[in-house]
Amino acid sequence: NCDVLLSEGVSVSFSDFGTPLSQRELPTEQELLDKINEIVKNNPKKQITFNYYIANIERILNIIKTNIRTVVLDAYSAYVLKEATGYEAYYYQLDDTQYGLNEKYKIKFEELLDDEGKFFWQLDIQGLKYINKLKKDGIYVHSDASPLGEFDPAFGPFVKMFDDNKIKFVMVTCNGHARPKDLIKIINLIKPKLLVPIHSYRPEKLYNENGEVLLPIKGQTI
């Protein structure tokens with residue numbers, strides 16, 4: 001009895017319905033967590049940094065709670081995590097914003113730059129300015145952070161920046177968007193009279209076996 005279903009179609013922008021997962025993408029959050037923890041465990045003497053998509057609140061909480069190292073976030077991410085969950089994470093700060101964070105959880109940035117095995121710390125945009133000061137032969141873990149992938153023009157230069165500084169770039173991702181075949185399964189379960197695909201480069205690839213499809217034009221009133 002659904003009249004109109006608005007469905008995101010991010011995955012059909014880049015994949016067909018029979019396309020398997022890429023080697024970089026893990027099928028579940030638990031496997032992503034296990035992979036990150038495995039990287040840390042297998043490199044006990046290396047400096048390891050990371051970045052993640054800030055809305056992945058459960059992901060970062062699970063990383064903090066299961067990682068064998070002390071996880072350190074940038075101040076803004078720590079603020080968002082605290083506001084969303086009440087959890088107070090260790091953090092470093094490179095700006096002058098008053099986030100209201102507890103000073104006892106503050107780690108000096110210089111200590112992170114010198115670290116070789118104590119911390120697993122977030123390398124944010126401000127921290128990237130100091131990439132030439134990071135340990136050579138360190139590891140950076142990119143977990144659904146920006147830039148998101150090869151389709152982003154900024155991705156290639158971003159990866160090269162780590163290569164130029166002799167830091168191993170590792171992409172560990174678990175996409176939050178439904179995959180093509182799952183999108184169709186969801187549509188078929190809901191059985192809308194009208195399907196409106198949005199948030200996609202290829203919205204015409206989504207089909208509706210139970211009714212009509214409308215491809216909206218920007219600014220259109222429905």
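The values are calculated or read from the model by the stated rules, or taken from the named source; none is laboratory data. Keep in mind the model is a prediction, meaning the values are calculated, not measured. In this analysis, Cβ positions are derived from the backbone assuming ideal geometry, glycine residues included, and neighbour counts consider all displayed protein chains. For accessibility, only protein heavy atoms count, side chains too; no ligands or nucleic acids. Shrake-Rupley method; radii C 1.70, N 1.55, O 1.52, S 1.80 Å.
Only one of the numbered conditions (1) free of Cβ contacts under 8 Å to residues at least 24 places away in the same chain; (2) farther than 24 Å from ILE68 by Cβ is not met by LYS108, and that is (2). For region 187-209, filtering for residues that are farther than 30 Å from ASN51 by Cβ and open to solvent by 70 Å² or more (accessible area, probe 1.4 Å) leaves 6. Within region 92-131, the set of residues being closer than 14 Å to TYR79 by Cα, open to solvent by 80 Å² or more (accessible area, probe 1.4 Å) and among the acidic types (Asp, Glu) comprises ASP96, GLU103. Looking only at residues in region 140-172 that are more than 17 Å from the chain's Cα centre (by Cα) and surrounded by 12 or more Cβ atoms within 10 Å (Cβ to Cβ), the one that is farthest from SER11 (Cα to Cα) is ASN165. Kindly establish whether GLY176 is out of contact with any helix residue (DSSP H, G or I) (no Cβ under 7 Å at 6 or more places or on another chain), part of a loop (DSSP other than H, G, I, E, B), more than 20 Å from PHE17 (Cα to Cα) and among the small types (Gly, Ala, Ser). No, not satisfied. Among the conditions (1) touching a strand residue (DSSP E or B) at 6+ places or on another chain (Cβ under 8 Å); (2) acidic (Asp, Glu); (3) in a helix (DSSP H, G or I); (4) under 30 Å from ASN37 (Cα atoms), the only one that ASP182 does not satisfy is (1). Per the listing THR70, THR85, the residue uniquely within 19 Å of HIS142 (Cα to Cα) and either open to solvent by less than 60 Å² (accessible area, probe 1.4 Å) or under 20 Å from the mean Cα position of the chain (by Cα) (or both) is THR70. Filtering region 117-151 to residues that are without any contact (Cβ under 8 Å) to a residue 24 or more places away in the chain, assigned to a loop (DSSP other than H, G, I, E, B) and charged (D, E, K, R) leaves only GLU150.
I'd like to know if region 124-141 contains one or more residues that are farther than 17 Å from PHE169 by Cα and either modelled with pLDDT of 95 or more or out of contact with any Asp or Glu (no Cβ under 6 Å at 6 or more places or on another chain) (or both). Yes, region 124-141 contains at least one residue that is farther than 17 Å from PHE169 by Cα and either modelled with pLDDT of 95 or more or out of contact with any Asp or Glu (no Cβ under 6 Å at 6 or more places or on another chain) (or both).
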